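Report on one structure; see the data block that follows.
The values are calculated or read from the model by the stated rules, or taken from the named source; none is laboratory data. Treat the numbers as computed from the prediction; the structure is a model and nothing was measured. Glycine gets a Cβ as well: all are built from the backbone with ideal geometry, and neighbour counts include every protein chain shown.
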Amino acid sequence: MKTQFEQMMDGLNDVEAFLAGKQEGFRAHVPQEVDVKAIRNRLGMTQARFSDTFGFSLDAIKHWEGGRRTPEASARTLLTVIDRNPVAVLTALNPAAFAAAVVSSEPTTAPVRIDKKRRTPGRVPKRRASSPTRGHRITK
């Protein structure tokens with residue numbers, strides 16, 4: 001494994017070769033690990049909303065966050081861009097929504113809804129039984 005300095009020097013050598021016309025294009029750095037849960041939490045999204053918004057399957061999100069699977073290189077690339085600039089990704093995926101926001105002079109930030117914890121259906125909060133004498137002293 002190369003040291004960070006050696007990686008930087010390799011990058012600078014690539015830039016020099018590109019500028020001198022000896023090399024075409026560039027080499028993209030795709031991170032080996034991406035913390036999907038941290039990215040999703042920073043955006044304040046549930047797993048379902050994150051998967052719907054960015055086009056991932058819900059099962060993939062669950063497996064990535066559970067550590068059972070690792071995202072492929074293309075998914076890690078997209079997740080990195082989502083982490084650094086979610087508005088750019090949302091604009092690219094749904095340009096009509098952001099064009100309407102620009103025309104109406106609304107801020108161009110991504111609409112992010114923070115979901116509250118949902119109650120499980122059928123689960124009703126317990127209430128105390130009230131008593132007509134509660135809090136009152138009965139005297140004879």
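For this structure, a couple of remarks:
- Residues in segment 1-30 that are in a loop (DSSP other than H, G, I, E, B), at pLDDT 80 or above and surrounded by 12 or more Cβ atoms within 10 Å (Cβ to Cβ): VAL30 only.
- The set of residues from segment 41-74 being assigned to a helix (DSSP H, G or I) and touching a residue at least 24 places away in the same chain (Cβ under 8 Å) comprises ARG42, LEU43, ARG49, THR53, PHE54, ILE61, TRP64, GLU65, ALA73.
The rows are residues; the columns are (1) among the hydrophobic types (A, V, I, L, M, F, W, C); (2) at pLDDT below 80.
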{"site": "LYS37", "(1), (2)": "no, no"}
{"site": "ARG49", "(1), (2)": "no, no"}
{"site": "PRO71", "(1), (2)": "no, no"}
{"site": "ASP83", "(1), (2)": "no, no"}
{"site": "ALA99", "(1), (2)": "yes, yes"}
{"site": "SER104", "(1), (2)": "no, yes"}
{"site": "ARG119", "(1), (2)": "no, yes"}
